[in-house]
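Taking it in order: structure first as structure tokens, then the write-up.
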Amino acid sequence: MKRSLNEVETLVRKAAIGAGLETECATEIAQATCWLEQQKLSGIEAASWAISKFVVPSNELTAIDNRYELECILSQGSSLTDMVLVEDRALSVDCAEQCDLLIGLAGVAAQNFDVEFKFVAFSGSKLKVSAYSIEGDLSGFQQQFELSKSPLDAALAQEQYFEKIDIVPNPKHWNLLNEFASKTYVPESEQSRLLGAGAGLSDND
Amino acid sequence: MSLEIHPEFEIPQADLRSPDKVMRLERMGSFFPTRLSFMRILLRRLSKENSTVETKIWEFDHQGYGHAVISISFGGYVYSLVAFTNHLDPTERTDRVIAQKWDACFVLYDGVPEKVEIERLQKNATKQEAGRFECRDLILSRANKSMRLFEHVVDRLAIGQQPDCDLICRIGYLMRTTAVYGNGKFGIADRNRITSRPGFSAPFQAEMLLVWLIRGFTHQLVEHVARSKGGEQFVPLDESFKRFLGIGNSTGLGMAPFLVSHPVLLNNWMMVRETALARARGVKKLSAVQISDIKRLSMRVTDHLKDWQVEDQRQMDRVKVLRREWASVSAFLSDVFLNSDYASEQLINASAQWSVECQELIVSLLTEINPELVDGLSECLDSFGEPRLNPTMKLSELRTILSENFKWGLEVDVSSEAANALFWYVSAEKLEPRLGNRYEEQGSELEQPFDIVKRCKALLLDLEKVSKHLSVAEFLIRFPKHRYITRRIQVSKNFPYSEIRDNLIGEICLPIDMLRCKLSFFGASKFDPKSDRWTRITLFQGAPLFSELDQALADDWWLPTLDKEA
């Protein structure tokens, strides 16, 4: 079944919150998911996998000898992206998980700050992530890589946009996200029902 | 190509009112529609383009059950209202979001639907939230009849008489919508499919277009049923009645969270409104046309307030105060006063003696008489989304913004029960936003992040534990729970009207104020609160009919009244 981008973003955000993620991180993960889907990459699959593995409380992002240990994309991915934006040098990253969502987080950040991100794996594979595009080899970024940013011409970035695409999620991933999202809903109570819009009136007036 | 700005084209304007004054719930809950409301923007655009409306399909039985396709050309595209009506047992008629059947269901379709598409829409639109939609389906809605007015109008027209003027005036619509869905809900088109199209850059234009088409549809439907019933005795509904009949709407808490979750958009709406006022206040001499307009519109306000009758005691008391005060305002508007220098500025200064609702009515009036100065601001209402958190900001700057822009919140004593009384949540039933009492209801652990004041205070405490020279990025590694409020505080730096400056979980928070604020931007009037958390309103009352878009008066329907003499 086809899903709109807004449905994807809303569901992933709710699911991430349902899994216990902080609100703003959840928003960024949802945006990263949509960014990946618009690149025809498996953002929903990556998000559902990461959300299903998420454990609360999560550890904070740590750096040992200038090497960042990325244990959990969901809770630490935003912070790692932050640090790339702050630092003027490339960061060394040891990534314990699939890094697809990190690529999405970089893409969203690129849209906001007129920069492009460069992933360089120790194997030599390179990946360039800008606001609306991705270039390079996606394989080889699961373990160790260097991550840096460079400025991009703002006018050039604004001229770009995504092609319109159909998003057809795997029902298994979609249902899993729905399960987590449902943890954010409060069961209906008689009191709330009595106070809702339309309550207390005959609508045959 | 460079753009030169000539000093003679600069628009003089007074200072903007401060966010501390404007962004209070009491004031936001006193707003009236303006010429920058979304309905007005849409109708101006339709009128400017001389858009044409054409009924492509009209297949209804004598009781008015069937379907229609009504198309409109707009901005180089064609859009269609696809409408389905059916019999609804009175026991099933409810405006609640939990309803599963409605008198009528609607889709705004991108283009003109073929038969197979109409069949698809019939299967899905009549199920509303339980249906699935495609990207050519732009907006989804449903409506119930006002039984007392619809049947009355049918009965009267069928015997060759016009309906009762007082009843028309009191109710003001033949149908009321109970939901209008856009932006990707249930598979319909994401908003970005249409925002770059001519006429759809301002907020909620597609939604407004659908509702305006529904309103015209209800006029045609009531005449169809009356004609079937009355045969040769039938007379069409008087045009002045049609013009006065808008579309009703029941609006609940679903609207309120939007203002909190879209701070940049809220800022832009408010900034446009305040800039319009500042420009109006900057006018040194009112023109003869403006003086004539302000007097004419002031009399219209008097009539409008006379017609505004509601059962809600709080609102009715306010309307009564407003009626008294408007008599004073009208007395103020003498020729001598209006010909004096900076009469608009003087009127705003004088308005401090009257209620907040009266002050805001004057704001709308002054906006109304300055089309040349304010209409262009409609291009500034939209936003390009909410900015991502800026990790490079130093904590010293974050702290300065927090203490300056959130001073109102830092002064709240969050330790009291009263300051924490409410919690906002999403109900498992139809996933609608709700508001609960923290001390009486279950579920506060799942509350939405509307506890802005508490979050500001908690952030301040943790900011005191670290060096002010750290970056936001470094701080959030250690304190990730503050990411959400940190971004909001950063947003307020460049978007001063982005936050409602009241405690949204406090005992005295009235959600109805948030609803009225948002609905006034839509262009709604005749607010008819049914509790502190839902209201009925009327949309497009007084708006031009399908056949009137080419007329010069197509933009003169602010706070409409029914011409009872006509």
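Remarks
- Matching residues in the range A:22-44 - criterion: being surrounded by fewer than 24 Cβ atoms within 10 Å (Cβ to Cβ), in contact (Cβ under 8 Å) with a residue 40 or more places away in the chain and in contact with a Pro (Cβ under 8 Å, 6 or more places away or on another chain): A:GLU22
- Meeting the requirement of 2 or more residues that are touching a residue at least 24 places away in the same chain (Cβ under 8 Å) and polar (S, T, N, Q), the helices (runs of 4 or more DSSP H) wholly within the range B:230-320 are B:263-281, B:288-307.
- Filtering the range A:160-185 to residues that are away from chain B (no Cβ under 13 Å) and at pLDDT below 95 leaves only A:GLN160.
- Scanning the range A:65-78 for residues that are away from chain B (no Cβ under 13 Å) and over 14 Å from A:CYS95 (Cβ atoms) returns A:ASP65, A:ASN66.
- Considering the range B:517-543, and only residues there that are part of a loop (DSSP other than H, G, I, E, B) and under 26 Å from B:ILE362 (Cβ atoms), the residue that is nearest to the other protein chains (Cβ to nearest Cβ) turns out to be B:ASP532.
- Applying the criterion of being within 14 Å of another protein chain (Cβ to nearest Cβ) and more than 17 Å from B:GLY187 (Cα to Cα) to the residues of the range B:105-149, the residue that is surrounded by the fewest Cβ atoms within 10 Å (Cβ to Cβ) is B:ARG148.
- Taken over the range A:50-82, residues that are crowded, with 20+ Cβ neighbours inside 10 Å and free of Cβ contacts under 8 Å to residues at least 24 places away in the same chain amount to 4.
- Restricted to the range B:442-462, and to residues there that are surrounded by 14 or more Cβ atoms within 10 Å (Cβ to Cβ) and away from chain A (no Cβ under 14 Å), the residue that is farthest from A:GLU188 (Cα to Cα) is B:LEU460.
- The one condition from (1) more than 7 Å from chain A (Cβ to nearest Cβ); (2) of a type in the set (D, E, K, R); (3) over 17 Å from B:ALA256 (Cα atoms) that B:ARG487 does not meet is (1).
- Taken over the range B:5-55, the residue count meeting the criterion of being outside any loop (DSSP other than H, G, I, E, B), within 18 Å of B:ASP375 (Cβ to Cβ) and in contact (Cβ under 8 Å) with a residue 12 or more places away in the chain is 11.
- Residue check, B:LYS465 part of a helix (DSSP H, G or I), modelled with pLDDT of 95 or more and more than 9 Å from chain A (Cβ to nearest Cβ): no
- For B:GLU207, the test of being charged (D, E, K, R), in a helix (DSSP H, G or I) and closer than 25 Å to B:ASN267 by Cβ is passed.
- Unique match (being of a type in the set (S, T, N, Q), touching a residue at least 12 places away in the same chain (Cβ under 8 Å), crowded, with 23+ Cβ neighbours inside 10 Å and over 15 Å from B:LEU402 (Cβ atoms)) among B:ASN503, B:ASN437: B:ASN503
- Those residues of the range A:1-44 which are under 17 Å from A:LEU176 (Cβ atoms), in a loop (DSSP other than H, G, I, E, B) and more than 9 Å from every other protein chain (Cβ to nearest Cβ), in sequence order: A:ALA19, A:GLY20, A:LEU21, A:SER42
- Where A:GLY136 falls short, out of the listed (1) small (Gly, Ala, Ser); (2) at pLDDT below 90; (3) in contact with a Ser or Thr (Cβ under 9 Å, 6 or more places away or on another chain): (2)
The values are calculated or read from the model by the stated rules, or taken from the named source; none is laboratory data. Just so it is clear, the model here is predicted, and its values are computed rather than measured. Backbone-built Cβ (ideal geometry, glycine too); neighbour counts: all protein chains shown.
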